[in-house]
Structures are given as structure tokens and as C-alpha cells.
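Participant: The structure is given below, and queries will be raised subsequently.
The values are calculated or read from the model by the stated rules, or taken from the named source; none is laboratory data. Computed from a predicted model, the values in this text were never measured in an experiment. Heads up, the Cβs are rebuilt from the backbone with ideal geometry, glycines too, and the neighbour counts pull from every protein chain shown. Calculation scope for accessible area: heavy atoms of the full protein, side chains included, ligands and nucleic acids excluded. Shrake-Rupley method; radii C 1.70, N 1.55, O 1.52, S 1.80 Å.
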Amino acid sequence: MKQLQKASVDEFKARFRGDVLLPGDAGYDEVRQIWNAMIDRRPALIARCVSPEDVVQAVNFARKHNLLVSIRGGGHNIAGNAVCDDGLMIDLSLMKSVQVDPNTRRATVEPGCTLADFDAAAQAHGQATPLGINSTTGVAGLTLGGGFGWLSRKYGMTVDNLLSAHVVTADGRQVHASETENDDLFWGLRGGGGNFGVVTSFEFQLHPVGPDVLSGLIVFPFVQAKSVLTQFARFAETMPDDLTVWMVTRKAPPLPFLPKDVHGKEIVALALCYAGDTAEGEKLIQPLREFGRAHGEHIGVQPYSAWQQAFDPLLTKGARNYWKSHNFTKLSDGAIDVIVEYAGKLPSPQTEIFVGTLGGQTARLAPGAMAYSSRDAKYVMNVHGRWESAAEDQRCIAWAREFFAKSKPFASAGAYINFLTEEETDRVAFAYGATYKRLVDLKKKYDPTNFFRMNQNIKPV
Ligand SMILES: Cc1cc2nc3c(=O)[nH]c(=O)nc-3n(C[C@H](O)[C@H](O)[C@H](O)COP(=O)(O)OP(=O)(O)OC[C@H]3O[C@@H](n4cnc5c(N)ncnc54)[C@H](O)[C@@H]3O)c2cc1C
């Protein structure tokens, strides 16, 4: 543990409005624990910020004492960069206000908000912006890495809907970034992760959504996997922007609409959301039902915010998780064969392979328009290893790595930085592709000492 003078900590506490937690303090262990139970780190201090001024104090304190800094939004990042050993964890999870202006369709969101917090406030006005598919995820980390979910094909990546941000930079300044102010920083924030400063508020464009949407799941037997995936790949090429269909293969959870003898067996599921007129959506999804003889389906018109929470029970905090991911411009026969092969030997009951679809509006911006550059990624595959006990680590990780290697020949360039694990620092430049050089130049300008380095790090060299 880094030795800090008690007097220095007391002085910091006196200037800080939120709580400062030290090892042994009540709440310290709870706050340092993040979504992925594989990560178990012990910061020297946790600064629980309640205002942008607190963030400035925390950044200045860390710089003065040469402390490693980590930033926690929703604490969901698989790499565990929200928490550091021996340094200062800047915890933003108490900063949770969302202000919606329904007339201008704009929302100002603080960095401790989860997707559920943001969706609830925006849906009160029948509005939303594209976010991810697990409502306990943090808006901050998701946005800074790109962000995609059920509305992205219609309205773009989350970053495509970011209008401006307030940021505390490495030298403790508070700056505003938008297309017209510090536009270089604004370019970098939209995909560059936590490399350029601590964002203390985000301003988003909202769109009319729902409040009810046609959404749900169709579950097919695993023996039909190859056929279902092949048809899914064909269907996804031409589906309209309002429709998003993802493929998930895993062992069936005990869903009430599935026969009991299917529970625990491998299945292939299509998860879908139609963000337009529901009668039109019904017609469009009919072909999906004909991909095979389904075990069952659970599709209906439900509140958008309920669909946003539908997968939460399968994605709770506290399990051990290890991810690997690829982008694809096309889901080729070769990729499908490897997916089916590895889905046939899943290492644990909770492990899943999902293929999310992008395209539509996400593909209409130029790759260099902002730091997020994978505009050609039509599919993002996440190999989501998930299990309960440390004794299973080696076996489950080995399965994910092997599958990742075997599917690599079919993948396209680029990767989604929000899905990279802690050991994938060598994939960061690959993830950004041609925009990486510009990100390095920006890092040199805004963070030349690499003060913010607990992230998918862009090194200022
Ligand atoms: C179950 C699950 C489902 C997911 N589903 C999706 C999905 O559907 N779509 C999708 O796009 N992604 C998805 N993700 C990935 C998600 O986008 C990333 O894990 C993201 O980093 C989570 O953000 P967070 O704020 O919760 O994480 P944190 O771990 O708190 O933050 C991640 C990193 O972001 C940076 N950061 C966070 N807040 C700030 C800030 N205010 N200022 C500067 N830097 C900051 C820091 O570097 C930090 O280490 C999912 C993740 C999980 C665990």
C-alpha cells in the first residue's frame, strides 16, 4: 500500500465534499468490487465524488502525490480498469442526475448513471438514445468506448448521439468539449475511452422511442444451429434499420416459456427489437419464426425500458467473467461453423456466444469522423465466458482463447474496445485502426504524462 501522510489525506478530505474511503473503512470493500469478480484490487483511497469540483480535487491530489488513478462509472468494464491497486479510485457512481429537456430532445447525464437511470428519465417523455442491452451498465464507460444496443441500427452508436461533455483534464482544468469548442477533444472522447480526462457530464440527443416496442426471444434447438445461423446471417444483410436481431447461443436458462427438459441444454436464440410501428414489425419478424422448429418464443409489445432490463437476471454482478471478441463485416460460413463447433462444447452453464448486429445508421459515418472508427463492423461477436468458481478459471479461459483463435481468420479489422480484457493491451492500436495515430497526438496534447492510464491505453509516444 502506497504510504500517504495522514496529514495529506486529512487535508484532501477537508476540501472534498463526498466521502473518502480508506482500507478498513465501512463501504470500502463494497465500492472497490466491480461487476467482474475476477478483478480484486485494493486502492489506497477511494474518492466518492459528488460534484465536478470533487473530481478536480481528486485529480489534483493524485497528481501531487504521484498516485495511479482509476475512474469508476458503472464498474462494468470487463478489464477491471475502474479499480486500481494502491492508487486513487475516482468513484463517480454517486453522481446520478439526469435532466431531460423533452422539447429540444436533449438529456444531460452525470457519469454515475446506469443505463436504467438514463432510460427511465428519457422514457418518461417517450424518448431514448441508443444504449447497451444490460441496464446496470454505466452510461459513462459505454459511451466513451462507442456504445451500441437495440436502437443503434436506427439512431447510431451512443457516441453518434453525444452532443457535448464537461471534462476534468489531467492538469485539473474543467473544459467543455463539443463540435464548436475543443473539438479535437470532443473527437477523442467519442470512442477514445477514459484516456483524455474525467467526464463529469454528458449531453445527448434523444429520439422518440416507444414507450412500447415489439421485442422478445425465439429459441431454437441446438441441432438446428447451423441452419438458423445461416438464415440469420442472410436475413441480417437486408433487415430494415428499425429492426435489430441478435443471435445468442448458450445453455438454456429456466425460462418459463421453454419446456422443462430444454433447461440446461444448448440452444440458439434470436433476440429482437423493432423500434417502429408494431404491426409493421410483426410482419417483418415472421420469417424469423420460419428459420426452424422453435422450442418456444416470448415476443410481445412491452415497454422499451422493460426490454432494456430483460437480460439483467443473466448478467448479475459477482460471477467470474472472461471475454474475447471479434468484429465481422460478414458472417461467413466459416465463422458460422466455428461458432457452432464451440457452442457445442460450452465450458459452463452461463457461458454464451452472442453476435450483435450493427450496420444501418452506425455505418453511415466516415471512419475518421470520431475516435470510434469501426464503421464497417456489421456484427460484433462476444465470447462471454462466465462461471462461478476460481477452480474453473483455467478451463473456461482456455475454451474462450481457443475459440477466439479459431474464429480469427473470419474476422474483420478493428475491435470494440469496450469488450477488451485486461490482457489485450496489445489489441488497442488494432481496435482503432487508422485513427490510432490521431489519438496518440491528442493524448500528447491532453495527457502527455499518461496520467490516465487505467484504461484501454493510448500511450503518448
Ligand atoms: C453485462 C454487460 C453487458 C454489456 N452490454 C453492452 C452492450 O450491449 N453494448 C455496449 O456497447 N457495451 C456493452 N457492455 C460493455 C460496456 O460498454 C463496457 O463494459 C463499459 O466500459 C462499461 O462502462 P461502465 O461505466 O459501467 O464501466 P467502468 O468499469 O466504470 O468504466 C470503464 C472505463 O471507462 C472509463 N470511464 C468510466 N467513466 C468515466 C468518466 N466519467 N470519465 C472518463 N473515463 C471514464 C475508465 O477508463 C473506466 O476504466 C456490456 C458490459 C457488461 C458487463
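Participant: On the basis of being part of a loop (DSSP other than H, G, I, E, B) and either surrounded by fewer than 23 Cβ atoms within 10 Å (Cβ to Cβ) or not hydroxyl-bearing (S, T, Y) (or both), does G318 make the cut?
Facilitator: Here the answer is yes, as G318 does meet what is asked.
Participant: While we're here: Out of (1) over 15 Å from K324 (Cα atoms); (2) without any contact (Cβ under 8 Å) to a residue 40 or more places away in the chain; (3) among the aliphatic types (A, V, I, L, M), what's the single condition that is false for A377?
Facilitator: A377 satisfies every listed condition except (2).
Participant: Give the residues of the stretch 171-186 that are surrounded by fewer than 21 Cβ atoms within 10 Å (Cβ to Cβ) and of a type outside the set (K, R), sorted by residue number.
Facilitator: Matches in the stretch 171-186: D171, G172, Q174, V175, H176, S178, E179, T180, E181, N182, D183, D184.
Participant: Which residue pairs have Cβ atoms closer than 9 Å, lie 6 or more positions apart in sequence or on different chains, and pair a first residue in the stretch 181-208 that is among the basic types (K, R) with a second residue that is open to solvent by less than 10 Å² (accessible area, probe 1.4 Å) and part of a helix (DSSP H, G or I)?
Facilitator: Short answer, once both residue conditions are applied: R190/T143; R190/V159.
Participant: Can you find a residue that is out of contact with any helix residue (DSSP H, G or I) (no Cβ under 8 Å at 6 or more places or on another chain) and β-branched (V, I, T) anywhere in the stretch 292-315?
Facilitator: No, every residue in the stretch 292-315 fails to be out of contact with any helix residue (DSSP H, G or I) (no Cβ under 8 Å at 6 or more places or on another chain) and β-branched (V, I, T).
Participant: Return the pair list, or none, for Cβ contacts closer than 6 Å from residues in the stretch 327-346 that are over 14 Å from M247 (Cα atoms) to residues that are in a helix (DSSP H, G or I), at least 6 apart or on different chains.
Facilitator: Matching pairs, first to second residue: S332/F410; G334/F410; V338/K406; V338/S407; Y342/F403.
Participant: Any residue at all in the stretch 335-352 that is surrounded by fewer than 17 Cβ atoms within 10 Å (Cβ to Cβ), of a type outside the set (G, A, S) and in a helix (DSSP H, G or I)?
Facilitator: Yes - at least one qualifying residue is present in the stretch 335-352.
Participant: Within the stretch 321-334, which residues are closer than 18 Å to E402 by Cβ and part of a strand (DSSP E or B)? I'd like the intermediate steps shown before the answer.
Facilitator: Restricting attention to the stretch 321-334, the residues satisfying the condition of being closer than 18 Å to E402 by Cβ are 321-326, 334.
N321, Y322, W323, K324, S325, H326, listed by residue number.
Participant: Working only within the stretch 364-389, note down all residues that are buried (at least 18 other Cβ atoms within 10 Å of the Cβ) and among the aliphatic types (A, V, I, L, M).
Facilitator: M370, A371, A377, V380, M381, V383
Participant: Okay, moving on. Sort out which residues of the stretch 15-31 are closer than 21 Å to N66 by Cβ and either out of contact with any Gly (no Cβ under 8 Å at 6 or more places or on another chain) or in contact (Cβ under 8 Å) with a residue 60 or more places away in the chain (or both), and write them in order of number. It would help to see each step written out before you state the result.
Facilitator: Start the filter on the stretch 15-31 by keeping residues that are closer than 21 Å to N66 by Cβ, which leaves 15-16, 20-23.
The answer is R15, F16, V20, L22, P23.
Participant: While we're here: In the set L144, L163, which member is modelled with pLDDT of 95 or more, within 14 Å of the ligand (Cβ to nearest atom) and not in a loop (DSSP other than H, G, I, E, B)?
Facilitator: Result: L144 is the single residue among L144, L163 that is modelled with pLDDT of 95 or more, within 14 Å of the ligand (Cβ to nearest atom) and not in a loop (DSSP other than H, G, I, E, B).
Participant: Looking at the stretch 50-107, which of its residues are among the polar types (S, T, N, Q) and either open to solvent by less than 10 Å² (accessible area, probe 1.4 Å) or closer than 18 Å to A14 by Cβ (or both)?
Facilitator: S51, Q57, N60, S70
For every residue, the table says whether it meets (1) within 28 Å of E423 (Cα to Cα); (2) modelled with pLDDT of 95 or more; (3) touching a helix residue (DSSP H, G or I) at 6+ places or on another chain (Cβ under 7 Å); (4) more than 15 Å from the ligand (Cβ to nearest atom).
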site	(1), (2), (3), (4)
Q5	no, no, no, yes
D19	no, yes, no, yes
V31	yes, yes, no, no
S51	no, yes, no, no
F61	no, yes, yes, yes
H76	yes, yes, yes, no
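Participant: Let me ask something additional. Residues of the stretch 78-109 being near the ligand (Cβ under 9 Å from one of its atoms) and either within 26 Å of Q205 (Cβ to Cβ) or in contact with a Phe, Trp or Tyr (Cβ under 6 Å, 6 or more places away or on another chain) (or both), which ones?
Facilitator: Hits for the stretch 78-109 are I78, L92, S93, M95.
Participant: Here is a further query. Quick one: T421 ticks every box in (1) more than 18 Å from H76 (Cβ to Cβ); (2) modelled with pLDDT under 95 except a single one, so which number is it?
Facilitator: Result: T421 fails condition (1) only.
Participant: Could you tell me which residue of the stretch 414-461 is nearest to the chain's Cα centre (by Cα), considering only residues that are among the polar types (S, T, N, Q), buried (at least 19 other Cβ atoms within 10 Å of the Cβ) and not in a loop (DSSP other than H, G, I, E, B)?
Facilitator: Of everything passing the filter in the stretch 414-461, N418 is nearest to the chain's Cα centre (by Cα).
Participant: Identify all residues within the stretch 436-454 that are in contact with a Lys or Arg (Cβ under 9 Å, 6 or more places away or on another chain) and either over 16 Å from V198 (Cβ atoms) or polar (S, T, N, Q) (or both); write none if there are none.
Facilitator: Within the stretch 436-454, V440, T449, N450 meet the criteria.
Participant: Residues A275, A269: which one is free of Cβ contacts under 8 Å to residues at least 60 places away in the same chain and within 22 Å of the chain's Cα centre (by Cα)?
Facilitator: A269
Participant: Right, next: Just to be sure, is A124 more than 13 Å from the ligand (Cβ to nearest atom), in contact (Cβ under 8 Å) with a residue 24 or more places away in the chain, more than 23 Å from K459 (Cα to Cα) and out of contact with any Phe, Trp or Tyr (no Cβ under 6 Å at 6 or more places or on another chain)?
Facilitator: It is true that A124 is more than 13 Å from the ligand (Cβ to nearest atom), in contact (Cβ under 8 Å) with a residue 24 or more places away in the chain, more than 23 Å from K459 (Cα to Cα) and out of contact with any Phe, Trp or Tyr (no Cβ under 6 Å at 6 or more places or on another chain).
Participant: Name every residue in the stretch 113-134 that is of a type in the set (G, A, S) and either surrounded by fewer than 24 Cβ atoms within 10 Å (Cβ to Cβ) or under 22 Å from Y372 (Cα atoms) (or both), in order of residue number. I'd like the intermediate steps shown before the answer.
Facilitator: First, the residues of the stretch 113-134 that are of a type in the set (G, A, S): 116, 120-122, 124, 126, 128, 132.
Correct list: A116, A120, A121, A124, G126, A128, G132.
Participant: Does I285 qualify as being under 28 Å from the mean Cα position of the chain (by Cα) and part of a strand (DSSP E or B)?
Facilitator: no
Participant: Considering the stretch 271-291 alone, what residues qualify as being surrounded by fewer than 18 Cβ atoms within 10 Å (Cβ to Cβ) and of a type in the set (G, A, S)?
Facilitator: Selection gives G276, A279.
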